[in-house]
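Following: one structure in structure tokens, then a few remarks.
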Amino acid sequence: MASEVEFWPMSDRQRELRQKAREFALKEIRPAAKALDETSSFSEDIYQKLAEQGLLGITIPEEWGGSGADTQSYALAMEELSYGYASIADLCGLVELVATLLLELGTEKQKQRYLTPLVRADLKCSFALTESEAGSDLASLSSLAVKSPNGYLLNGSKTFIHNGPVCDFALVLARSQEKGDKHRSMSIFIVDSDLPGFSRGKKENKLGQRASQLSSLFFNDCLLPEDALLGNDGEGFKNMMIVLEKGRICIAALSLGIARAALEESLKFTANQLKEEKPGGNSQTTQWMLADMATDIFAARSMIRHAAALKDGGIPAAMYASMAKLFASEIAVKHTTAAVELQGIHGYSKDSIVERLYRDAKVTQIYEGTSEVQRIIIARNLLRKGLMP
């Protein structure tokens with residue numbers, strides 16, 4: 001019988017990174033997950049250790065402090081880290097996306113100042129897109145950066161920003177042109193948190209992934225130097241597309257890690273029922289539930305590996321990344337719900353791992369584009385191409 005490694009061929013580098021992430025999740029993340037969830041705190045210790053293990057900036061070249069690995073390695077690591085605790089995987093994903101934009105768009109000076117310190121955990125970042133009236137529709141954002149003799153004057157606010165309470169800098173998408181096409185009037189700015197006019201809102205009290213902290217960010221006549229502009233003026237929306245595929249593959253893998261943890265807890269619970277000769281362990285309902293979990297997890301992993309392989313091959317992967325994100329997030333919610341139901345009142349207790357997994361899963365259907373947005377992207381690709389390739 002073929003092993004998983006034989007069925008899914010992996011390079012030595014991919015296998016090494018997956019194993020490193022797996023061991024880190026078991027040794028460092030899982031033991032801390034309950035306390036981090038309860039306190040909704042940022043773990044500086046785990047953040048530093050992620051960098052030491054080469055798990056920040058996984059696809060960033062070694063010359064800039066990253067691991068120089070491919071998207072498939074990144075997806076494998078994200079699954080393992082999320083199996084440990086999704087909030088930590090989410091932090092790793094945030095660094096990856098911000099680092100990718102800095103790598104692709106940054107000047108030599110910007111990369112030296114922000115990129116290398118970021119992947120070495122010397123700096124903490126945020127990715128500030130969402131506004132109260134501009135969630136999935138970024139074209140509606142109203143934050144404005146007006147050109148001035150000394151740079152740009154930024155005014156506006158962002159809401160529900162990951163790492164907002166602790167970031168040292170944020171990549172902020174704002175309008176830099178008051179007139180013209182909405183999609184061609186945005187720019188990305190690097191905004192240091194110690195600038196006058198920069199302030200933060202309260203830390204949000206979230207349902208799940210509680211150690212992945214959120215807050216609003218406010219910009220009141222925040223004067224940015226000219227070199228705060230990342231990429232070309234007016235190309236911010238276009239430049240955001242650089243990380244869309246990777247971001248959706250990332251959340252798909254994170255969702256998969258949650259679902260896998262739910263299956264493992266369900267198997268442990270069922271095995272204990274069988275050991276104690278309780279009727280639930282042998283019921284057809286339980287068996288079908290476990291079979292559906294395992295089947296969907298295998299399907300999600302297949303979709304993620306396919307999308308990641310396309311991206312590594314330089315082949316457009318937008319539709320497949322959206323399929324993977326949609327499917328993996330939906331099954332994470334479905335099967336964490338099933339895991340709670342399987343354990344009954346024990347699964348509903350705050351002392352239960354599946355209770356946390358159930359809460360952690362829901363947001364995967366929302367961030368990096370809601371399930372409805374993913375369906376629109378998939379349908380548009382189908383209609384444009386006529387048939388799936």
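Coordinate-derived values only; no laboratory data. None of the values given here were measured: they were computed from a predicted structure. With ideal geometry, Cβ positions are generated from the backbone for all residues, glycine too; neighbour counts draw on all protein chains shown.
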Legend entry - Approximate shape of segment 326-389 as ellipsoid semi-axes (Cα gyration tensor, √5λ), whole Å, largest first: 33, 11, 6
Inset, instruction - Give a residue-ordered list of calculated ³J(HN,Hα) values for segment 351-356 (Karplus: 6.51 cos²θ - 1.76 cosθ + 1.60, θ = phi - 60°; whole Hz; x for Gly, Pro). - result: 7, 8, 5, 5, 4, 5
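Using R₀ = 25 Å, calculate the FRET efficiency as 1/(1 + (r/R₀)^6) where r is the Cβ-Cβ separation of Ile315 and Glu63; round to 0.05.
0.45
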Legend entry - For Gln213, distant residues with modelled amide H under 5 Å away: Asn163
Legend entry - Two-site label geometry, Glu226 and Arg375: point separation in nm, points 7 Å out along Cα→Cβ: 4.9 nm
Inset, instruction - Have a look at Lys124, Lys109, Lys20 and tell me which one the Gaussian network model of the chain (Cα, springs below 10 Å) gives the largest fluctuation. - result: Lys109
Inset, instruction - Per DSSP H run of at least 4 residues, take -39500 (n - 2.57); add these up for the chain, divide by its residues and hand me the 222 nm value, nearest 500 deg cm²/dmol. - result: -16000 deg cm²/dmol
Inset, instruction - Once you've got the GNM for the chain with C-alpha springs shorter than 10 Å, pick whichever of Glu265, Glu63, Glu16 has the biggest mean-square fluctuation. - result: Glu63
Legend entry - Nearest-ten-degree value, helix 86-105 long axis tilted from longest Cα axis of the chain: 40 degrees
Inset, instruction - Tell me which residues come under 5 Å, amide H to amide H, from Leu230 once H is placed; ignore anything under 5 positions away on its chain. - result: Ile188, Phe189, Ile190
Legend entry - Estimated distance in nm for a label pair at Glu44 and Ala271, the labels positioned 7 Å out from Cα along Cα-to-Cβ: 3.9 nm
Legend entry - Between 0 and 90°, nearest 10: helix 12-24 axis offset from the chain longest Cα axis: 80 degrees
Inset, instruction - Sort Met323, Met10 so the one with the fewest other Cβ atoms within 10 Å of its own Cβ comes first. - result: Met10, Met323
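In whole Å, what three semi-axes, largest first, describe the equivalent ellipsoid of segment 183-259 built from its Cα gyration tensor (square root of 5 times each eigenvalue)? Please report the intermediate quantities before stating the final value.
Working: eigenvalues 152, 93, 16 Å².
So the three semi-axes of segment 183-259 are 28, 22, 9 Å.
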Inset, instruction - For Ser349 paired with Thr107, estimate the spin-label separation in nm (one decimal), with each label point 7 Å from Cα along the Cα-to-Cβ line. - result: 6.0 nm
Legend entry - Convex hull of segment 275-353 built on C-alpha atoms - directionally averaged projected area, nm²: 6.7 nm²
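Work out the FRET efficiency for Ser283 and Ser148 from their Cβ-Cβ distance, taking R0 = 51 Å, and round it to the nearest 0.05.
Values: r = 69 Å, r/R0 = 1.36.
Once rounded, the FRET efficiency stands at 0.15.
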Legend entry - Per-residue ³J(HN,Hα) for segment 236-241, Karplus 6.51 cos²θ - 1.76 cosθ + 1.60, θ = phi - 60°, Hz, x for Gly and Pro: x, 5, 4, 5, 4, 5
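Rule-of-thumb check for the chain: C-alpha Rg over 2.2 N^0.38 Å?
Details: Rg = 21.2 Å, N = 389, 2.2 N^0.38 = 21.2 Å.
Output field value: 1.00.
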Legend entry - Vicinal HN-Hα couplings computed from phi for segment 219-233 (Karplus, 6.51 cos²θ - 1.76 cosθ + 1.60; Hz; Gly/Pro x): 10, 10, 6, 7, 7, 9, x, 4, 7, 7, 5, 9, x, 8, 4
Inset, instruction - Determine the gain in length on full extension of the stretch Ser132-Asn155; use 0.36 nm per residue of separation and subtract their C-alpha separation, reporting nm with one decimal. - result: 6.8 nm
Legend entry - Residues whose placed amide H lies under 5 Å from that of Leu223, excluding near-sequence neighbours: Leu154
Inset, instruction - Would you mind getting me the FRET efficiency between Asn205 and Leu26? Use the beta-carbon distance for r and R0 = 35 Å, nearest 0.05. - result: 0.75
Legend entry - Calculated P(r) tail over 22 Å for segment 240-385, as whole % of Cα pairs: 43 percent
Legend entry - Ratio Rg/Rh [Cα only; Rh per Kirkwood] for segment 4-119: 0.99
Inset, instruction - For segment 76-152 and segment 284-353, write down the distance between their C-alpha centroids in whole Å. - result: 26 Å
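Nearest 5 percent is fine: what portion of the DSSP beta bridges confined to segment 125-234 is antiparallel?
Details: 27 of 32 bridges.
If I count the DSSP bridges inside segment 125-234, around 85 percent turn out antiparallel.
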Inset, instruction - Could you give the spread of the C-alpha atoms of segment 125-234 along their three principal axes, from largest to smallest, in whole angstroms? - result: 41, 29, 21
Legend entry - Charge dipole magnitude, Cβ of K and R +1, D and E -1 - segment 1-122, Cα centre, debye nearest 20: 140 debye
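For the chain, what is the percent of antiparallel DSSP beta bridges, rounded to the nearest 5? Don't jump to the answer; show the numbers that get you there.
Details: 27 of 33 bridges.
Looking only at bridges with both residues in the chain, the antiparallel portion is about 80 percent.
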Legend entry - segment 141-202 - Rg over Rh from alpha carbon coordinates, Kirkwood radius: 0.97
